[in-house]
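One structure is given below, encoded as structure tokens.
The values are calculated or read from the model by the stated rules, or taken from the named source; none is laboratory data. Bear in mind the structure is a predicted one, so any value in this text is a computation, not a measurement. Here Cβ is always computed from backbone atoms with ideal geometry, including for glycine, and neighbour counts include all displayed protein chains.
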Amino acid sequence: MMIKITLPDGSVREYNDGISVIDVAKDISEGFARNVISAKFNGTIVETTTQLTTNGNLTLYTWKDNEGKTAFRHSTSHVLAQALEELYPGVKLSIGPAIDNGFYYDVDLGDDIISEKDFKRIETKMIEIARGKHEFKMRSVSKADALAKYKEEGNEYKTELIENLEDGTITFCDHSTFTDLCRGGHIPHTGIIKAVKIMSVAGAYWRGDENNKQLTRVYGTSFPKQKELTEYLSLLEEAKKRDHRKLGKELSLFTFSTRVGQGLPLWLPKGAALRDRLEQFLKKAQKKAGYEMVITPHIGQKELYVTSGHYAKYGEDSFQPIQTPAEGEEFLLKPMNCPHHCEIYNSEPWSYRDLPKRFAEFGTVYRYEQSGELHGLTRVRGFTQDDAHIFCTPDQLDTEFKNVIDLVLYVFGSLGFDNFTAQVSIRDLETPEKYIGDVVNWEKAENAIINAAKDKGLDYVIETGEAAFYGPKLDFMVKDALGRSWQLGTIQVDYNLPERFDLNYKGSDNEMHRPIMIHRAPFGSMERFIAILLEHTGGNFPLWLMPEQVIILSISEKYEKYAEKVLNLLENDEIRALCDNRNETIGKKIREAEMKKFPYIVIVGEQEEKDNTVSIRKHGGDDLGSMEIKKFSEIIQKEIDRTLQPFNV
């Protein structure tokens, strides 16, 4: 029997029933097939040896694809598990998934302990196993046989996993002398794994429950070439230097207090000033674009979020309801701003002539992230969104959506994020229970986003299953200076909240109609955005954003008055500067100014005072020589103008 296989480019090829995935790859190109390490058939990850027996859609993955990397790292976790079994007899395995940039395996070592001194031994054993080029082979196992295997081994973790599986759905993966309970998704053989690195060990409760036994979690990463591992480790070292928690402390931007509470950042004066500049920058652009600023409270009645659907979807991740003295009255710390903005819209009647209405707010919201997931400013429990909601007619949707894209691109351009792709996040049709609202409206919203992305010439991809529960969205995936990808900026089309809040406007036909709602946040979270910006720039922010743009160093106390005169002249030109008149050597002052990342260092002494000039040194060591103070001010202003272009509507 012949089957039809549809490839991602839309082409259709016919093969005999039973052809393997890798043979399809070879039919496309022998060279391409040598790089294929994973595949997806009809939406399910399959092995390269899987035989295809029905018509379907086939996608082939190489190391360059995220899905290929996932299969590669998951396969390496099997090799790690085999190495641990050989090095630590009696070890009990639990789970070993792929994660971003690597994998881990949770194991019960009994009385054994793994420390950093053991990493090299484990890596050596893993490479020894990998060089055997052992094929990964999947096989189905009955529930009874699977339970028998792990009960005989005394592995209560695998036994518990199997007890929760349906008979007929259980599979094992074999390679070399090793067998593991596994759902699949492997590379063809272990020989593709050329470089491994054990990164760390940590404690992890079985199934994340602190009432269960604490296991040892062994983290690792792997690559098909040693060169790639070396480059990755070099990037990690650079990332440590750029860690926003480290830089935030060095630059006196923010801090945390256990007395205040985990995940609740405290902004120090310099950080607050930097954050305020970001807010003013966006507010100025928003005003040009016709937004109106609103302010909403930090709490709301529980019923508000029940109406919006947020309580049903996110109630478990929110702080628990606040009970008031009034019977039955409950409030929540605000997890989202959009329900409040819906009620602002509902506060008065609107005509089609009044739309669009654009309500913007730097609104602080609260979500109860688990303590183990908190991380500096990137995962916090209280954060401020640069939120706005646009209420418009169907005829206005396309223009309004494209205008928001322009605003996001302006923000990125002004802050040096020039390497990004757009991600159209749509529903997963196979899990309709995850979403609310009418299917027809979902289709309209998804098509509106795709068409806008096309018309604006964005480099975009479509990701199924990444939509918000109330509507599809356009997410901007930005690569930072280290090549890491971050989701920054989001625009969402929502037909559902206007329905839930019974929002209306009077149309030209004198009938009542539902507005369409656009959610947008170019920064996303102020906290997370600043953290990513810190790491992207290494603390060397664009000049217009720097807390202090200039530091003035007097060579000795004799020139303090002249230093103060220079400070006043610069401040008159709205340049942020300060003086360092400490009784220290000029060399020490310069070194400390470099560490604090002042963009410009001004040095004043006898010659400068005599000539009414300043000597300029740029951060990084470039000597700009001596010049008049006014000329120096002009240089700074030109640099600001070059990076901070006005937003044109």
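I'm trying to understand the selection: among the residues of the range 566-583, which are surrounded by 12 or more Cβ atoms within 10 Å (Cβ to Cβ) and touching a helix residue (DSSP H, G or I) at 6+ places or on another chain (Cβ under 9 Å)? Answer for the range 566-583, where residues must be surrounded by 12 or more Cβ atoms within 10 Å (Cβ to Cβ) and touching a helix residue (DSSP H, G or I) at 6+ places or on another chain (Cβ under 9 Å): Val566, Leu569, Leu570, Asp573, Ile575, Arg576, Ala577, Leu578, Cys579, Asp580, Asn581, Arg582. Mind listing just one residue for me: the one in the range 1-28 that is in a strand (DSSP E or B) and basic (Lys, Arg) and, of those, farthest from Thr171 (Cα to Cα)? In this case the residue turns out to be Arg13.
For the range 123-144, the set of residues classified as surrounded by 15 or more Cβ atoms within 10 Å (Cβ to Cβ) and either more than 24 Å from Glu156 (Cβ to Cβ) or out of contact with any strand residue (DSSP E or B) (no Cβ under 8 Å at 6 or more places or on another chain) (or both) consists of Glu123, Lys125, Met126, Ile127, Ile129, Ala130, His134, Glu135, Phe136, Met138, Lys143, listed by residue number. One residue stands out in the range 221-252 among those that are touching a Leu at 6+ places or on another chain (Cβ under 6 Å) and not in a helix (DSSP H, G or I): the one that is surrounded by the fewest Cβ atoms within 10 Å (Cβ to Cβ), namely Ser252.
Against the condition surrounded by fewer than 19 Cβ atoms within 10 Å (Cβ to Cβ), at pLDDT 90 or above and either in contact with a Pro (Cβ under 6 Å, 6 or more places away or on another chain) or among the hydrophobic types (A, V, I, L, M, F, W, C) (or both), how does Arg500 come out, does it pass? No; evaluated as a whole, the condition is false for this residue.
Taking the criterion of being in contact with a Leu (Cβ under 8 Å, 6 or more places away or on another chain) and either among the aliphatic types (A, V, I, L, M) or in a strand (DSSP E or B) (or both), the only residue of the range 113-123 that qualifies is Ile122.
All conditions in (1) part of a strand (DSSP E or B); (2) of a type in the set (A, V, I, L, M, F, W, C); (3) within 21 Å of Gln396 (Cβ to Cβ); (4) over 15 Å from the mean Cα position of the chain (by Cα) hold for Ala452, with the sole exception of (1).
Can you say whether Glu316 is surrounded by fewer than 16 Cβ atoms within 10 Å (Cβ to Cβ), out of contact with any Asp or Glu (no Cβ under 7 Å at 6 or more places or on another chain) and assigned to a helix (DSSP H, G or I), as far as the supplied structure shows? Spelling it out, Glu316 is indeed surrounded by fewer than 16 Cβ atoms within 10 Å (Cβ to Cβ), out of contact with any Asp or Glu (no Cβ under 7 Å at 6 or more places or on another chain) and assigned to a helix (DSSP H, G or I). When His519 is tested against (1) within 23 Å of Ala285 (Cβ to Cβ); (2) of a type outside the set (Lys, Arg); (3) in contact with a Cys (Cβ under 7 Å, 6 or more places away or on another chain); (4) in a loop (DSSP other than H, G, I, E, B), exactly one condition is not met: (4). Of the candidates Gly96, Gly31, Gly110, the single residue that is on the phi > 0 side of the Ramachandran plot and either out of contact with any Gly (no Cβ under 8 Å at 6 or more places or on another chain) or outside any strand (DSSP E or B) (or both) is Gly110. Among the conditions (1) in contact (Cβ under 8 Å) with a residue 60 or more places away in the chain; (2) surrounded by fewer than 19 Cβ atoms within 10 Å (Cβ to Cβ); (3) outside any helix (DSSP H, G or I), the only one that Leu624 does not satisfy is (1). The residue list Lys434, Lys456 contains one member that is surrounded by fewer than 18 Cβ atoms within 10 Å (Cβ to Cβ), of a type in the set (D, E, K, R) and touching a residue at least 40 places away in the same chain (Cβ under 8 Å), which is Lys456.
For Glu348, the conditions (1) modelled with pLDDT under 95; (2) out of contact with any strand residue (DSSP E or B) (no Cβ under 9 Å at 6 or more places or on another chain); (3) more than 25 Å from Gly271 (Cα to Cα) are fulfilled apart from (1).
Residue by residue, here is whether (1) part of a helix (DSSP H, G or I); (2) modelled with pLDDT under 90; (3) of a type in the set (Phe, Trp, Tyr) holds:
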| residue | (1), (2), (3) |
| --- | --- |
| Ala388 | no, no, no |
| Asp398 | yes, no, no |
| Phe401 | yes, no, yes |
| Val411 | yes, no, no |
| Gln423 | no, no, no |
| Leu429 | no, yes, no |
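Would you check if there is a residue in the range 341-363 being free of Cβ contacts under 8 Å to residues at least 60 places away in the same chain, under 25 Å from Asp455 (Cβ atoms), touching a helix residue (DSSP H, G or I) at 6+ places or on another chain (Cβ under 7 Å) and aliphatic (A, V, I, L, M)? Looking through the range 341-363, none of the residues is free of Cβ contacts under 8 Å to residues at least 60 places away in the same chain, under 25 Å from Asp455 (Cβ atoms), touching a helix residue (DSSP H, G or I) at 6+ places or on another chain (Cβ under 7 Å) and aliphatic (A, V, I, L, M).
Residues considered: Leu147, Leu161. Of these, the only one that is part of a helix (DSSP H, G or I), farther than 18 Å from Ile37 by Cβ and either free of Cβ contacts under 8 Å to residues at least 12 places away in the same chain or touching a strand residue (DSSP E or B) at 6+ places or on another chain (Cβ under 9 Å) (or both) is Leu161. Among the residues of the range 477-489, the one identified as crowded, with 24+ Cβ neighbours inside 10 Å and under 10 Å from the mean Cα position of the chain (by Cα) is Leu488.
Within the span defined as the range 476-487, every residue fails to be β-branched (Val, Ile, Thr) and over 28 Å from Asn540 (Cα atoms).
Would the range 348-361 turn up any residue that is within 31 Å of the chain's Cα centre (by Cα), more than 21 Å from Lys287 (Cα to Cα), of a type outside the set (A, V, I, L, M, F, W, C) and not in a helix (DSSP H, G or I)? Checking the range 348-361: not a single residue is within 31 Å of the chain's Cα centre (by Cα), more than 21 Å from Lys287 (Cα to Cα), of a type outside the set (A, V, I, L, M, F, W, C) and not in a helix (DSSP H, G or I).
Exactly one residue among Gly457, Gly489, Gly538, Gly524 is modelled with pLDDT under 90 and at positive phi, and that residue is Gly489. With respect to being in contact (Cβ under 8 Å) with a residue 24 or more places away in the chain, in contact with a Phe, Trp or Tyr (Cβ under 8 Å, 6 or more places away or on another chain) and under 25 Å from Lys133 (Cβ atoms), Phe72 fits the description. Within the option set Gly43, Gly68, being more than 20 Å from Asn101 (Cα to Cα), out of contact with any helix residue (DSSP H, G or I) (no Cβ under 8 Å at 6 or more places or on another chain) and not aromatic (Phe, Trp, Tyr) holds for one residue only, Gly43. Taking the range 197-226 as the region of interest, how many residues are touching a Lys or Arg at 6+ places or on another chain (Cβ under 9 Å) and closer than 13 Å to Gly372 by Cβ? Residues that pass the stated criteria total 4.
Just one of the listed residues (Ile193, Ile187, Ile170) is β-branched (Val, Ile, Thr), over 30 Å from Val380 (Cβ atoms) and touching a Gly at 6+ places or on another chain (Cβ under 9 Å), namely Ile187.
Taking first residues from the range 1-24 that are hydroxyl-bearing (Ser, Thr, Tyr) and partners that are assigned to a loop (DSSP other than H, G, I, E, B), the Cβ contacts under 9 Å between residues at least 6 apart in sequence or on separate chains come to Thr6/Asn55; Ser20/Glu47; Ser20/Thr48; Ser20/Thr49; Ser20/Thr50. So in the range 627-649, with the set limited to residues that are over 16 Å from Met546 (Cα atoms) and part of a loop (DSSP other than H, G, I, E, B), which one is modelled with the lowest pLDDT? Out of the qualifying residues, it is Val649.
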